[in-house]
2 protein chains.
Amino acid sequence: MDKNAIPKATLGRLPKYLQYLKNLSEDSPDTISAAALARGLSLGEVQVRKDLASVSGGGRPKVGYIKSELIQEIEDRLGCNSLTPAVLVGAGKLGRALLDYNGFEEYGVRIVAAFDCNDKLVRKEGGDSKDILPVSEIYDFCRDNSIRLGIITVGEGSAQSVCDMLVKSGIDAIWNFAPCRLVVPEGVLLKQENLALSLAYLNNQLHQ
Amino acid sequence: MDKNAIPKATLGRLPKYLQYLKNLSEDSPDTISAAALARGLSLGEVQVRKDLASVSGGGRPKVGYIKSELIQEIEDRLGCNSLTPAVLVGAGKLGRALLDYNGFEEYGVRIVAAFDCNDKLVRKEGGDSKDILPVSEIYDFCRDNSIRLGIITVGEGSAQSVCDMLVKSGIDAIWNFAPCRLVVPEGVLLKQENLALSLAYLNNQLHQ
């Protein structure tokens, strides 16, 4: 199966399937049908079949899916069993909001540290809080911890230099919140987040 | 022209066209061709023609677009000349990050105030900062200021009650950052933002 083939919408539903399957009682049968999953999650049965086909080859007519196998397959696909460590650069309000958000882990990513050039924001061993380290430590940290994923939440003015720094530190996937287009070497994945655009789209629909 | 028809990607490029057109020198000709715009913005000419067709009927063969008209048409479509006022509920880190972000205005939306149930976060007439008001004032504020757009940045637990409050206050478009599905009455627009999903998608591509 081509791992490329999983649509974003399907990916978004996978944590829901996982949660539902894990919450089924111990006494429930070892297998579950697509129809039962669809009912339980208020989804269309066709959609459930399509979603599960993208993670599992195991659905059998009249039997359904073996629950334990399906859980394993979804977890594997989401990367839950091997969290990808990520770093974040720019510990302003947005940066710290992302740093404190725990919802990324159910999608297989853990932000392990943030970096900022403002010494006042630097904090280490902050108990429950994640470390915010000086920007000068990015390179060593990423190399030492085999970090491949970087999140940019600095302003437009310094986004490209931060991006270059991350690439030099071995990072090959970047999620950019700065409102500017970044240049990355071939082979480095770049996802541009434009929050204003979502709002613009909603506004546009409102005034149609 | 059906206002519905404008694709999100086109909408995302409109501010760039606008900025480019406005930055052309006073001495430049009154008209501009799609080819010149495409060169100036490093976009494909076919894409530029398609984008502009969604906002303007005015491109003429061998002449191009009348600059002043095109600027007006793009501004109208983006709603720049009549900013839609929006409110935000939940002035935590993410909420305040959105509140302080000025990039929404170029897409026709201005967040005019935030609300929070934590009295410690409430601030009024804070100079350059926007007001953060007690949640109890939502209803009157939205009614008095004809607010139609609401942004939810509270936690999962209170998102639905905040949503209900916004709907009661006359809001008919909601942008929800809380990681839960909201129920809204028919006729109310709802856009669910799932930041974790973007990261999951990037992570998925990284491990293909």
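The values are calculated or read from the model by the stated rules, or taken from the named source; none is laboratory data. Every value quoted in this text rests on a predicted model; they were computed, and no experiment measured them. Cβ: placed from backbone, ideal geometry, glycine included. Neighbour counts: every protein chain shown.
Quick one: which strands (runs of 3 or more DSSP E) lie wholly within segment B:114-181 and hold at least 1 residues that are more than 21 Å from A:L195 (Cα to Cα) and over 18 Å from the mean Cα position of the chain (by Cα)? Can you show your working first?
On the way: elements: B:132-134, B:149-152, B:173-176.
Because the criterion is at least 1 residues that are more than 21 Å from A:L195 (Cα to Cα) and over 18 Å from the mean Cα position of the chain (by Cα), the strands (runs of 3 or more DSSP E) in segment B:114-181 that meet it are B:132-134.
Regarding B:D144, is this residue out of contact with any strand residue (DSSP E or B) (no Cβ under 8 Å at 6 or more places or on another chain), surrounded by fewer than 13 Cβ atoms within 10 Å (Cβ to Cβ) and more than 14 Å from chain A (Cβ to nearest Cβ)? Let's see the steps before the verdict.
On the way: out of contact with any strand residue (DSSP E or B) (no Cβ under 8 Å at 6 or more places or on another chain): yes; surrounded by fewer than 13 Cβ atoms within 10 Å (Cβ to Cβ): yes; more than 14 Å from chain A (Cβ to nearest Cβ): yes.
Spelling it out, B:D144 is indeed out of contact with any strand residue (DSSP E or B) (no Cβ under 8 Å at 6 or more places or on another chain), surrounded by fewer than 13 Cβ atoms within 10 Å (Cβ to Cβ) and more than 14 Å from chain A (Cβ to nearest Cβ).
Taking the stated definitions as given, is B:L88 of a type outside the set (F, W, Y), surrounded by 18 or more Cβ atoms within 10 Å (Cβ to Cβ) and in the same structural domain as B:E106 (by TED's automatic domain parsing)?
Values: of a type outside the set (F, W, Y): yes; surrounded by 18 or more Cβ atoms within 10 Å (Cβ to Cβ): yes; in the same structural domain as B:E106 (by TED's automatic domain parsing): yes.
For B:L88, the condition - of a type outside the set (F, W, Y), surrounded by 18 or more Cβ atoms within 10 Å (Cβ to Cβ) and in the same structural domain as B:E106 (by TED's automatic domain parsing) - is met.
So, in segment A:182-208, how many residues would count as being in a helix (DSSP H, G or I) and within 19 Å of the chain's Cα centre (by Cα)? Please lay out each step first, then the result.
Kept after step one, since they are in a helix (DSSP H, G or I), are these residues of segment A:182-208: A:195-206.
Applying the additional criterion that residues be within 19 Å of the chain's Cα centre (by Cα) yields A:195, A:198.
The qualifying residues number 2.
Out of A:L99, A:L70, report the one residue that is among the aliphatic types (A, V, I, L, M), at pLDDT 85 or above and not assigned by TED's automatic domain parsing to the domain that holds A:E156. Reasoning before the result, please.
Details: A:L99 fails: not assigned by TED's automatic domain parsing to the domain that holds A:E156.
Just a single option satisfies the conditions, and that option is A:L70.
Would you mind finding the one in B:D119, B:D76, B:D131 that is at pLDDT below 95, touching a Lys or Arg at 6+ places or on another chain (Cβ under 7 Å) and of a type outside the set (A, V, I, L, M)? So that I can check it myself, show each step before the final result.
On the way: B:D119 fails: touching a Lys or Arg at 6+ places or on another chain (Cβ under 7 Å); B:D76 fails: touching a Lys or Arg at 6+ places or on another chain (Cβ under 7 Å).
B:D131 is the lone residue from the list that is at pLDDT below 95, touching a Lys or Arg at 6+ places or on another chain (Cβ under 7 Å) and of a type outside the set (A, V, I, L, M).
Within segment B:130-139, restricting attention to residues that are without any contact (Cβ under 8 Å) to a residue 40 or more places away in the chain and surrounded by 13 or more Cβ atoms within 10 Å (Cβ to Cβ), which residue is farthest from B:K168 (Cα to Cα)?
Here the answer is B:K130.
Identify, from the list A:S68, A:S33, the residue that is loosely packed, with under 12 Cβ neighbours inside 10 Å and not hydrophobic (A, V, I, L, M, F, W, C).
Values: A:S33 fails: loosely packed, with under 12 Cβ neighbours inside 10 Å.
Being loosely packed, with under 12 Cβ neighbours inside 10 Å and not hydrophobic (A, V, I, L, M, F, W, C) holds for just one of A:S68, A:S33, which is A:S68.
From the set of residues in segment B:164-194 that are among the hydrophobic types (A, V, I, L, M, F, W, C) and facing chain A (nearest Cβ under 7 Å), which is surrounded by the fewest Cβ atoms within 10 Å (Cβ to Cβ)? First the steps, then the outcome.
Taking segment B:164-194 first, the residues among the hydrophobic types (A, V, I, L, M, F, W, C) are B:165-167, B:171, B:173-175, B:177-178, B:180, B:182-184, B:188-190.
If we keep only those that are facing chain A (nearest Cβ under 7 Å) too, we end up with B:173, B:175, B:189.
On the way: B:A173: 22, B:W175: 24, B:L189: 18.
Among residues in segment B:164-194 that are among the hydrophobic types (A, V, I, L, M, F, W, C) and facing chain A (nearest Cβ under 7 Å), the one surrounded by the fewest Cβ atoms within 10 Å (Cβ to Cβ) is B:L189.
Do we find that A:E156 is closer than 21 Å to B:L94 by Cα, surrounded by fewer than 19 Cβ atoms within 10 Å (Cβ to Cβ) and modelled with pLDDT under 95 in this structure?
Numbers: closer than 21 Å to B:L94 by Cα: yes; surrounded by fewer than 19 Cβ atoms within 10 Å (Cβ to Cβ): yes; modelled with pLDDT under 95: yes.
Yes, satisfied.
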